[in-house]
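> The structure follows.
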Amino acid sequence: MTASPPATGPVRLTEEHLLLRDAVRVLADERIAPRAADIDRQAEWPDDVRRLLAEHDILAIPFAERHGGLGADLLTLILAIEQISRACATSGLIVAVQALGAIPIQVGGSEEQQDRWLPGIAKGEKLIAFGLTEAEAGSDPSALRTRAEREGDEYVINGAKRFISHGSVADYVVVFAVTNPDAEKPSRRLSAILVETDRPGFKVTRLEHKMGIRGSPTAELALDNVRVPVGNRLGEEGQGFAIAMQTFERSRPGIAAQAVGIAQGALEVASRYAKERRQFGKPIAELQMIQAMLADMDAATEAARQLLYTACQEIDAGHDAARWAAICKLVAGDTAMRVTTDAVQVLGGYGYVDEYPVERMMRDAKITQLYEGTQQIQRLIVARSLLARS
Ligand SMILES: Cc1cc2nc3c(=O)[nH]c(=O)nc-3n(C[C@H](O)[C@H](O)[C@H](O)COP(=O)(O)OP(=O)(O)OC[C@H]3O[C@@H](n4cnc5c(N)ncnc54)[C@H](O)[C@@H]3O)c2cc1C
């Protein structure tokens, strides 16, 4: 017998959840959706959207009230990312990455560090990025080479990071670096250190040209003798790997929310189009094969959404957070890819050209199967949890 992990039961959105979800949906429809095609075409960092999200306190959602945040639960953040991503995945990622970068401070930072950095991040005046990946260390962070060597009250950091979302626009990057090269366990080699990007020796060496989320700058960073005070280290030396893993437990639902939002956006475009497009003398929505495709898209999106909401509740309750975070990202990412691919099919040739947004949504969906751990890595985490309970 495999013991089922504890579950708190079905999720009912509260009045506050519904109010926030609907307000963000209106904002996304009115102010962000009209920008989405251009952001994609120009591969342009939408600073106007960043300001809009800051002005409406959306970036403040995951922060404590004492730091100027809304003090909301994980589900509230997820509802916002979902609604924004339904209109524009690049814009949804602004909210997700700001939370991702800040979680290491919330998880590992002292009260003084939290008071120092979180208020500016919650206001959206300061942007933060998460710097784990390197050219030779993707799925396997124990292969990281970036080195932080202690010299008195400072660390001197040397190395390079690859694929860092917002790396070129951020004010801070949480850099994961080797501080204990001789640690017995590879997982004890790393520390998490907050680096202000205006420090001498910090450089953006390139921006990626991407398939999707094209407005989100994905940067390669070089750290060349960057000196930071020891007081910028989050947690103890050697805790970096643990901080990164705890971060993913709260950030992966954000990517699942991006995926559900993209799927929902594509479903809405496809069903509207099916009612308007006429072939063989009637709307294609009257063709049963089109209806079946739309029904499968709707069912899969709803299933991923409900799983995601449950995962948020379980993660907040502290029930096997790693498993729930992995499960919701795995299911939502695969759903987004399938639903957006089917949306292109429903639109036929019109789905393949940029007159309609579904081709963009299909390109955007792919990244949700890759970042914050590929789908293969999510499966490893789910299997590990399952086998430990068997
Ligand atoms: C647009 C974009 C934005 C990103 N943003 C960030 C960011 O902000 N911060 C950050 O730190 N990183 C970021 N990343 C990095 C991202 O998280 C990594 O690309 C991802 O973790 C995979 O690493 P990799 O690309 O090196 O692939 P690899 O690890 O080389 O994997 C290649 C293939 O092997 C598979 N594989 C690897 N190991 C295993 C295994 N043990 N079992 C089975 N299969 C396996 C993978 O699933 C994949 O299919 C971003 C990446 C992209 C593309």
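The values are calculated or read from the model by the stated rules, or taken from the named source; none is laboratory data. Here the structure is a predicted model, which means the values were calculated and not measured. Neighbour counts are summed over all protein chains in view; Cβ atoms, including those assigned to glycine, are modelled from backbone coordinates with ideal geometry. With ligands, DNA and RNA removed, areas are computed over all heavy atoms of the protein, side chains included. Shrake-Rupley method; radii C 1.70, N 1.55, O 1.52, S 1.80 Å.
> State the number of residues belonging to region 344-390 that are basic (Lys, Arg) and at pLDDT below 95.
Adding up the residues that qualify gives 1.
> Within region 115-143, which residues are of a type in the set (S, T, N, Q) and open to solvent by 70 Å² or more (accessible area, probe 1.4 Å)?
139
> Tell me which of these residue 69 doesn't satisfy, since it passes every other one: (1) more than 16 Å from the ligand (Cβ to nearest atom); (2) part of a helix (DSSP H, G or I).
Checking residue 69 against (1) more than 16 Å from the ligand (Cβ to nearest atom); (2) part of a helix (DSSP H, G or I), the one that fails is (2).
> Next question, about the same structure. Pick out the one residue from 309, 350 that is touching a residue at least 60 places away in the same chain (Cβ under 8 Å), open to solvent by 60 Å² or more (accessible area, probe 1.4 Å) and more than 16 Å from the ligand (Cβ to nearest atom).
350
> Go through region 110-151 and give me each residue that's assigned to a helix (DSSP H, G or I) and acidic (Asp, Glu).
Passing the criteria: 111, 112, 115.
> Something else: Which condition does residue 329 not pass, out of (1) farther than 24 Å from residue 296 by Cβ; (2) open to solvent by less than 60 Å² (accessible area, probe 1.4 Å), if it passes all the others?
For residue 329, the exception is condition (1).
> Let me ask something additional. Sort out which residues of region 107-161 are touching a residue at least 12 places away in the same chain (Cβ under 8 Å) and on the phi > 0 side of the Ramachandran plot, and write them in order of number.
124, 159
> Sticking with this structure for a sec: Consider residue 146 carefully, then state whether it is closer than 22 Å to residue 222 by Cβ, more than 10 Å from the ligand (Cβ to nearest atom) and surrounded by 17 or more Cβ atoms within 10 Å (Cβ to Cβ).
Considered against the rule, which asks whether it is closer than 22 Å to residue 222 by Cβ, more than 10 Å from the ligand (Cβ to nearest atom) and surrounded by 17 or more Cβ atoms within 10 Å (Cβ to Cβ), residue 146 comes out as yes.
Condition check ((1) over 25 Å from residue 46 (Cβ atoms); (2) modelled with pLDDT of 95 or more; (3) buried (at least 19 other Cβ atoms within 10 Å of the Cβ)) across all residues:
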position	(1), (2), (3)
153	yes, yes, no
158	yes, yes, no
163	no, yes, yes
190	yes, yes, yes
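> Conditions: (1) open to solvent by 30 Å² or more (accessible area, probe 1.4 Å); (2) under 30 Å from residue 108 (Cβ atoms); (3) touching a residue at least 12 places away in the same chain (Cβ under 8 Å). Residue 318 meets all but one. Number of the miss?
With respect to (1) open to solvent by 30 Å² or more (accessible area, probe 1.4 Å); (2) under 30 Å from residue 108 (Cβ atoms); (3) touching a residue at least 12 places away in the same chain (Cβ under 8 Å), residue 318 is out only on (3).
> While we're here: Being within 15 Å of the ligand (Cβ to nearest atom) and not in a strand (DSSP E or B): is that true of residue 101 here?
The answer is yes for residue 101.
> Could you tell me whether region 62-70 includes any residue that is of a type in the set (A, V, I, L, M) and under 18 Å from the mean Cα position of the chain (by Cα)?
No; the residues of region 62-70 include none that is of a type in the set (A, V, I, L, M) and under 18 Å from the mean Cα position of the chain (by Cα).
> Now for a separate question. With respect to residue 179, determine if the residue is in contact with an Asp or Glu (Cβ under 8 Å, 6 or more places away or on another chain) and loosely packed, with under 15 Cβ neighbours inside 10 Å.
Against the criterion (in contact with an Asp or Glu (Cβ under 8 Å, 6 or more places away or on another chain) and loosely packed, with under 15 Cβ neighbours inside 10 Å), residue 179 does not qualify.
> Ok, one more. Have a look at 80, 96, 72, 89 and point out the one that is aliphatic (A, V, I, L, M), over 20 Å from residue 262 (Cβ atoms) and modelled with pLDDT of 95 or more.
72
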